[in-house]
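Working notes, beginning with the structure itself.
The values are calculated or read from the model by the stated rules, or taken from the named source; none is laboratory data. A quick note: this is a predicted structure, and the numbers were derived from the prediction, not measured. With ideal geometry, Cβ positions are generated from the backbone for all residues, glycine too; neighbour counts draw on all protein chains shown. To get the accessible areas, we keep the full protein, side chains included, count just its heavy atoms, and leave off ligands, DNA and RNA. Shrake-Rupley method; radii C 1.70, N 1.55, O 1.52, S 1.80 Å.
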Amino acid sequence: MQTDLRVRHMSEVIDGISSVKGYGWEQPFISLILTIRNSELFNVLRAQRLRAINYCLYFCSPHITLFAIFLVYFHLGGKLTLPLVFSTMSFVQILRLDIGRFFTRAIETSSEAYASSLRIEKYLNLFANLKEANASEPPLLPPAIVPSFSPPPAVAVAGSASNSSSRQLLLKVKNGSFAHSLSAPPVLQHLNFDLHRGELLMIIGPGHRFSYLLLPHLTPLFVIISGGRKKFSS
Amino acid sequence: VNPLISVGITRQLNFEDLLQLPSHDHSSPLISQLKSAYFHYSHSICGIPRLLLALCSTVWVQFLLVGFYYLLEGLLRIFSTILLGLFLQSLQNTDQSIDQSFVLALLLSLANLLQNFIHHVSFFYSMKMGNNMKIATIGFIYDCLFEIRGNLLQSSGISTGQLVNLISNDVQRFEEWSVVWPLSSFSLPITDSLLPIHSSVSIFGKLL
């Protein structure tokens, strides 16, 4: 789980490295990835610690067991003979291998296989959902939004597809403005659009900076400083 | 010697020289078996995930075979330990002839040899079972992935790294599990219940 999270964040950073460099977001991303990495490392260390305890028990258990057996036997008045000692030792060695190694390994690998199969099953369900979406979609996506452009700094994008009313509404922005921080000037203003499943959104404006401000950036990285309701679904 | 090695030292091997895989170990029947079993179980039973149930029902014949070998190995281990005790007893007992000790030593050697042989056979079959489970799961994931359009996959937020993690790390767990799974199901309960009973009787039985 932790590895997945780290891999996802790393691939996002690598994909959008030009944006990260351009806006100077290196430090927040480094701290985010370090936090995830530390938590992953903590889990790995915990698993190794438990494994070390298992191995410790595995190595010392036969000697303690044999000592206890012979002590009780001797105190009950028994006589220690060579066949008795050696056969008992080999019995205990078999038990040590079975309980100390195989039994603990069985618990360990069974729980891992259980967790793995749950994870794979989650992805398989996701693939099945995507396959259903695949089947329900038309072969070519129609351009959903016709952008209308107003002079800078305000860029307004509005419009909706004629056949979009039947589709699932994913994102609705009403009079939205976006800025990198609360004190910074807004880079996008008076944004009104509805986004349905299967639609394509384009924001057109002067300068290549606006090309970075597409939908993936409607995330907490940007601060919405004015505007009405923001509704996310799915 | 492996026939591949005897051919390989004379000339370069090509694809036709490679050993034929049995038909039930081919990936396509394994994947179709796993798929049909997976869709047969609509939900998990007693908390066991669907995929695990499907995998178990795909390899259950191999599982029984491996379990049988592990059981045989466990029983041989107990048998050789009993033989060791008898052998040492016969060496200490000066009244008996030396022939009996030789017979016991021979039996002990044979039991150990057989146990080693069976251990390798059972390990081979369990690894093969784990490999089959791995191949079937990877094939299943690939099959599902190929049915989805690329742009949908990208928009769903599943990255290549996650998928690689899925088919390398997660699937590897099944292979590791397959080595101890039949052992813990067949050999351990029987040997671990027989051994303490036998050893306590043999050690403390004389005192009673």
Report task. Taking the options B:S44, B:S28, name whichever one is of a type in the set (S, T, Y), modelled with pLDDT of 85 or more and within 29 Å of the chain's Cα centre (by Cα). Result -> B:S28
**Report entry** Residue list for the range B:1-27, restricted to those being open to solvent by 80 Å² or more (accessible area, probe 1.4 Å) and polar (S, T, N, Q)
**Finding:** B:T10, B:Q12, B:Q20, B:S23
Query raised in the report: What's the number of the condition B:L71 fails, among (1) open to solvent by 40 Å² or more (accessible area, probe 1.4 Å); (2) closer than 30 Å to A:L82 by Cα; (3) within 11 Å of chain A (Cβ to nearest Cβ)?
Result: (3)
Query raised in the report: Out of (1) in a helix (DSSP H, G or I); (2) out of contact with any Asp or Glu (no Cβ under 8 Å at 6 or more places or on another chain); (3) facing chain B (nearest Cβ under 7 Å); (4) open to solvent by 50 Å² or more (accessible area, probe 1.4 Å), what's the single condition that is false for A:L97?
Result: (3)
**Report entry** Of the criteria (1) without any contact (Cβ under 8 Å) to a residue 24 or more places away in the chain; (2) of a type in the set (A, V, I, L, M, F, W, C); (3) more than 9 Å from chain B (Cβ to nearest Cβ); (4) closer than 25 Å to B:Q172 by Cβ, which one A:I33 fails
**Finding:** (1)
Query - Selection status of B:Q33, surrounded by fewer than 16 Cβ atoms within 10 Å (Cβ to Cβ) and not β-branched (V, I, T) - result: no
Query raised in the report: Taking into account only those residues within the range B:170-193 that are open to solvent by 40 Å² or more (accessible area, probe 1.4 Å) and at the interface with chain A (Cβ under 7 Å from one of its Cβ atoms), which is nearest to the chain's Cα centre (by Cα)?
Result: B:E176
Query raised in the report: Which ones in the range A:100-134 are within 8 Å of chain B (Cβ to nearest Cβ), surrounded by fewer than 15 Cβ atoms within 10 Å (Cβ to Cβ) and of a type in the set (V, I, T)?
Result: none
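Considering only residues of the range B:53-68 that are more than 25 Å from A:S90 (Cα to Cα) and either in contact (Cβ under 8 Å) with a residue 40 or more places away in the chain or open to solvent by less than 20 Å² (accessible area, probe 1.4 Å) (or both), which is nearest to the other protein chains (Cβ to nearest Cβ)? Show your work before the answer.
At the first step, the residues of the range B:53-68 found to be more than 25 Å from A:S90 (Cα to Cα) are B:53-65.
Now drop any that are not either in contact (Cβ under 8 Å) with a residue 40 or more places away in the chain or open to solvent by less than 20 Å² (accessible area, probe 1.4 Å) (or both), which leaves B:54-55, B:58-59, B:62-63, B:65.
Numbers: B:A54: 9, B:L55: 7, B:T58: 13, B:V59: 13, B:Q62: 16, B:F63: 13, B:L65: 19 Å.
Only one residue fits best here, namely B:L55.
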